[in-house]
Every structure is written in structure tokens, then in C-alpha cells.
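For reference, the structure discussed in these notes is given below.
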């Protein structure tokens, strides 16, 4: 997704501001950005469920100083091996 956004940004920079191409590319960038945001949000919520933590912690992803640390923690902390309110563990031992 990041490479798609990068290509769209490069094409927007090269297009004249008053052209139809600029408007279409800007719309494509907006759509790709919303899709990217949605996928990060959904996957982060699923990961918080897997760990067994409150979904309220998702707010940490919207605070720039804390976001990178939050993502690192989500990547490092192992998932719970017990069944929780969201279902069975994805890879039981």
C-alpha cells in the first residue's frame, strides 16, 4: 500500500494543478489513504484482541510521539494462548 501511495504522490507532483489528471490523482490518493488507514486500524484492533488488551489503547496509534512505540509493542508482545472473549487462539500450542 505504501508503494501505491508513493507512486500516486509522484504522479501528483508531476501533474499541473489545474488539470483533470491532478484532480483524479488526488482522489485516488484520498481513496488509497482511507484504505490504508482502515487496514491499519482493523489489524491493530485484532492484534489488541489477540493480546487480550483493551481496544481503547488504539488511541495510542493516533499520538505521534507514542505511535512508533505502540506499533513496536504490538509487534513484540506474544498473543495469548488461552481462549478469550474474541475466540480461540490463532495458533494453539
### Task
Within segment 13-29, identify whether any single residue is within 19 Å of the chain's Cα centre (by Cα), within 23 Å of residue 74 (Cα to Cα), assigned to a helix (DSSP H, G or I) and free of Cβ contacts under 8 Å to residues at least 24 places away in the same chain, and answer yes or no.
no
### Among the candidates 59, 73, residue that is in a helix (DSSP H, G or I), free of Cβ contacts under 8 Å to residues at least 60 places away in the same chain and exposed (fewer than 13 other Cβ atoms within 10 Å of the Cβ)
59
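Only the coordinates and a few stated rules stand behind these numbers; no lab work does. Note that the coordinates shown come from a computational prediction; the quantities given were computed from them, not determined experimentally. Here the Cβ is made from the backbone with ideal geometry for all residues, glycine too, and neighbour counts use every protein chain on show.
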